[in-house]
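Here the structure is laid out as structure tokens; the discussion comes afterwards.
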Amino acid sequence: MSMEKPLEKMEQPERELRDGGAEHAEAPQDNPTGQAALELGHRLADDGVFEMAEAQAEKERFKQRGQKLIDGNKFNFELFAESAAPRFRLSDNFYMLFEKKEVHMNADWFADRKFSDQQLLWATYHELAHFYDFANDHKAILKKFEQMRESARETGATLAEKYTQLRGEIPADLLAQKTIDAEHPERGTMNRFEQIAYGIHHEFLNIMDDAYVNSLVAKRKPAYGENGRHEDEVKRLYREQLFRESDFSVLPRHKQFAYALLRREMLPGEASVVSEEVEAVLREKHRVLGKEYTAEELVRELLTARNARGTRAGTRYEIIEKTLAPMFKELLNKDIADWQFPKAPETPEAQESQKEKSDESGEGEQNQGEQDTQTGKEGEGKQHESDQEENKQHNANEEKNADSEEKHDEQKDGQEKPGTSFAENIHDMFNPEKKGEPGGDGPVIPFPVQSPEDIKDIVEQFEKWQKEWQDAQHKEQEARTEEPAESREKRLKELRDKAWCERYEVDYKTLKRYEEAERKIKPYLAALDALWQRIIYGSSREVMTQSAGHFKEGEELDIDEAVREFSKILSGELDKVRVMRRDESVREMVYRPELIRARFVGDASGSMNAQRREILEQAFVLIFSSLRRFETYLNLTRGKTKSKLTVDTEAWVFGSEAERVKPFRARGDHQRERASIIRSFGALQEDHGDTRDDKALSAIVASLTPEEVQKIKSEKIMELVFELTDGGTHAQGVAAAKEALAELERKGVIMRAFQIGTTDESEQATFDHVWNTDRDDAPLREKRGEVVGAEIKNLIPALTRALAEYLSRVEL
């Protein structure tokens, strides 16, 4: 209803434009074609309004979801910063509200670039890493910003000099020193050229700082670093959103240099194209501390964080000033020197005169073609006219130039601007956020710091926040002086657990649910612990027969050795001949198998109710926790047993499809393995549709390599598969499930399945048919499937018995 009036307003200009004026507004009624066109226009207008409204609604949904995500990680941000962290808010721009301890980030900026949840969280850590860098060495950063102003004045003078060479006298308005910040005049002044230059140098510093803070996030949040769970999210962000293309060769040299350094650091091994000249500069060697580095090597090895403590800004900036900054300035000066102001078109009178001359010399067509090419460039006609007029009447039109400058300030970067001056033309060429470049609108994530004064404000406020945070911690500590020991231990455990979850990317609530399940199955864990100890401490030995060497006398002639010694036998040197072999018995520890691999296959179909999922979780914890405890015992006794036995686990869930939620252990420490188990435990709560366990079983068959099968058959690997389901296999998957089970059995894999819950005869028959009959539907001598029934509490003892049955075969 509220959309009708705006639509009416939109329709009228459309009719006037199409039909020649308001007096023809009724004409379409007598013109079927016109009426159809009008209706089409209405529909297009309607669709346009709808699309705009939907786009805005989507941005609002992004903002709300993103804010909830950010608010839910406040504790993690404080752990990351190791101190008080400001509150991050998604709003309408990038700025800070010190009195509220808030950092505002432009929600539309992230929504327009389609940041995922993990990319938005990463960007927040990125901003927080800037604060951490400030707190770590704010004096060096403040000094760097002050130096950047001096560099801007030098580059601004070079720009002004170039202007003078090409255009003559500089309009006074372009040289006038204007207040940088109208609200804070004490922050100083710059002229137009210096402002342009400051933006250029500021972007280069931002790129160098971004490369550093990105590496700091990777070190302090390993999930975003090399081989981390979210590494690909960060790479995709730089590959698809921040750098929309990889060819920078059409950009000015200084931008090619800076963009290539950042993109190659964030996307190592991926091509970033620059001109041959810039590539040669990137390959130049620089000696630092006795070692030579290319520009890329400098960034990767000296200008990024080596560990979670990071590198002080002063150290980084000193290296940059001696190596990369001179290269950047040299390329920038070349860009300024090569810049030529576009040739202005001639007046109509001059064009006519030139045409007559050209006709006489036979060159009219060629000159006209050149003129068409020049004037045909989008938006250049008005600009050239303005510049021509400016060149003729510098002194007389200073006021006009000032007006033109004001109009420029009101325009957005990258848009067409009437009356554009030469300084503005350079601004378009070098502006760090110029739209339409291969780098998109710049690869730098905005941060509300633009000047030395901003640094001073941030440091002052950050120190204030730090003191408030420390005071609060002190008061809290005093209040806990009389805290009971039990309460104190509970509180400290919660802090440790939250810190652990933050470090290993585990949901805290999932950890608590896992620990609760572990508490409920504790008696069965104890029973299995006794089994592990009997296996380890009841180690068996085997008598092995092996050769003790060659002797003059022995039990058996070694023919091969006699051949080798034949020359001595022929020469009669029998005292030197040793061709008789003696064997001796040696008792050795038995290590069988060398590896135990257990795969858990859990039913996550829609029929699993809350009670069944609870027992599913307990079964999961029993298998994974008990095997982890077994390996812990093995590690503690390896010095005595000399055993090489290891234990590994994998988890699958199935519904309409199968998903491996925990792979076998990759290289990593004990804690990372535990984190992987708990994260996969969280997947048991998801609803995956139908009961297609054949998908998981077939995937397991496909995952076994010939080498693994050989080790399974030779008993070097004990391969276990445990499935838990509440029903029978879906009819469409029965044949595939039976085929997969037969193939697993042929390969030597041990399989057991448990059916839980109240099931009808049909479901039990299907379960029994799949698990307890062979390929020809003949009953198996030893059943693989067991119906636990409605008393699902009986599952854990049944599962414990199965584990004990198979693992008691292990000999050490």
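The values are calculated or read from the model by the stated rules, or taken from the named source; none is laboratory data. Since we're looking at a predicted model, the values are computed, not measured. Glycine also receives a Cβ, built like all others from the backbone with ideal geometry; neighbour counts cover every protein chain displayed.
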If you take the residues of the range 116-137 that are modelled with pLDDT of 90 or more and among the polar types (S, T, N, Q), which of them is farthest from the chain's Cα centre (by Cα)? Thr124
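Per-residue answers, yes or no, for (1) assigned to a helix (DSSP H, G or I); (2) at pLDDT 65 or above; (3) not assigned by TED's automatic domain parsing to the domain that holds Lys235:
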{"position": "Arg18", "(1), (2), (3)": "yes, no, yes"}
{"position": "Asp46", "(1), (2), (3)": "yes, no, yes"}
{"position": "Glu54", "(1), (2), (3)": "yes, yes, yes"}
{"position": "Ala57", "(1), (2), (3)": "yes, yes, yes"}
{"position": "Phe77", "(1), (2), (3)": "yes, yes, no"}
{"position": "Arg89", "(1), (2), (3)": "no, yes, no"}
{"position": "Val103", "(1), (2), (3)": "no, yes, no"}
{"position": "Lys114", "(1), (2), (3)": "no, yes, no"}
Note on the range 498-528: residues assigned to a helix (DSSP H, G or I), outside the structural domain of Phe77 (by TED's automatic domain parsing) and among the aliphatic types (A, V, I, L, M) are Leu511, Ala517, Leu525, Ala526, Ala527, Leu528
Being assigned by TED's automatic domain parsing to the domain that holds Phe131, outside any helix (DSSP H, G or I) and acidic (Asp, Glu) narrows Glu233, Glu203, Glu226 down to just Glu226
Every pair of residues 6+ apart whose Cβ atoms lie under 9 Å, when the first sits in the range 154-168 and is closer than 18 Å to Met190 by Cα while the second is in a helix (DSSP H, G or I) and among the hydroxyl-bearing types (Ser, Thr, Tyr): Thr155/Tyr198; Gly156/Tyr198
Subset of the range 261-278, residues part of a helix (DSSP H, G or I) and either over 20 Å from Phe248 (Cα atoms) or touching a residue at least 12 places away in the same chain (Cβ under 8 Å) (or both), comes to Leu261, Leu262, Arg263, Arg264, Glu265, Met266, Glu277, Val278
Could you list, in sequence order, the residues of the range 658-693 that are out of contact with any strand residue (DSSP E or B) (no Cβ under 7 Å at 6 or more places or on another chain) and either assigned to a helix (DSSP H, G or I) or at pLDDT 90 or above (or both)? His670, Gln671, Arg672, Glu673, Arg674, Ala675, Ile678, Arg679, Phe681, Gly682, Gln685
Is it the case that Lys144 is surrounded by 14 or more Cβ atoms within 10 Å (Cβ to Cβ) and under 34 Å from the mean Cα position of the chain (by Cα)? yes
Among all residue pairs at least 6 apart or on different chains, which show Cβ distances below 6 Å where the first residue, located in the range 236-258, is without any contact (Cβ under 8 Å) to a residue 12 or more places away in the chain and the second is part of a loop (DSSP other than H, G, I, E, B)? none
Looking at Glu786, Glu791, Glu763, Glu723, which is the one that is in the same structural domain as Val647 (by TED's automatic domain parsing), more than 16 Å from Asp603 (Cα to Cα) and out of contact with any His (no Cβ under 6 Å at 6 or more places or on another chain)? Glu791
Evaluate the range 766-780: report whether one residue or more is outside any helix (DSSP H, G or I), aliphatic (A, V, I, L, M), surrounded by fewer than 17 Cβ atoms within 10 Å (Cβ to Cβ) and out of contact with any Ser or Thr (no Cβ under 8 Å at 6 or more places or on another chain). yes
Scan the range 195-203 and give yes if some residue there is in contact (Cβ under 8 Å) with a residue 40 or more places away in the chain, under 17 Å from Arg263 (Cβ atoms) and over 12 Å from the mean Cα position of the chain (by Cα), otherwise no. yes
Residue satisfying condition, being within 26 Å of Glu761 (Cα to Cα) and in contact with a Gly (Cβ under 7 Å, 6 or more places away or on another chain), within set Leu724, Leu697, Leu684: Leu724
Of everything in the range 735-758, what is under 16 Å from Ser607 (Cα atoms) and in contact with a Ser or Thr (Cβ under 9 Å, 6 or more places away or on another chain)? Give them in sequence order. Phe754, Gln755, Ile756, Gly757
Identify all residues within the range 208-230 that are under 18 Å from the mean Cα position of the chain (by Cα), closer than 18 Å to Asp133 by Cα and among the hydrophobic types (A, V, I, L, M, F, W, C); write none if there are none. Ala211, Val213, Leu216, Val217, Ala218
Over the range 139-192, the set of residues polar (S, T, N, Q), closer than 26 Å to Asp209 by Cα and outside any helix (DSSP H, G or I) is Thr189
Of all residues in the range 564-605, which are at pLDDT 70 or above and of a type in the set (Ser, Thr, Tyr)? Ser567, Ser571, Ser605
What is the number of the single condition among (1) part of a helix (DSSP H, G or I); (2) out of contact with any helix residue (DSSP H, G or I) (no Cβ under 7 Å at 6 or more places or on another chain); (3) surrounded by fewer than 17 Cβ atoms within 10 Å (Cβ to Cβ) that Ala696 does not meet? (3)
Selected residue (only one of Phe620, Phe664, Phe654, Phe681 is without any contact (Cβ under 8 Å) to a residue 60 or more places away in the chain and under 33 Å from the mean Cα position of the chain (by Cα)): Phe654
Could you please find all residues in the range 754-801 being of a type in the set (A, V, I, L, M, F, W, C) and modelled with pLDDT under 80? Ala790, Ile792, Leu795, Ile796, Leu799
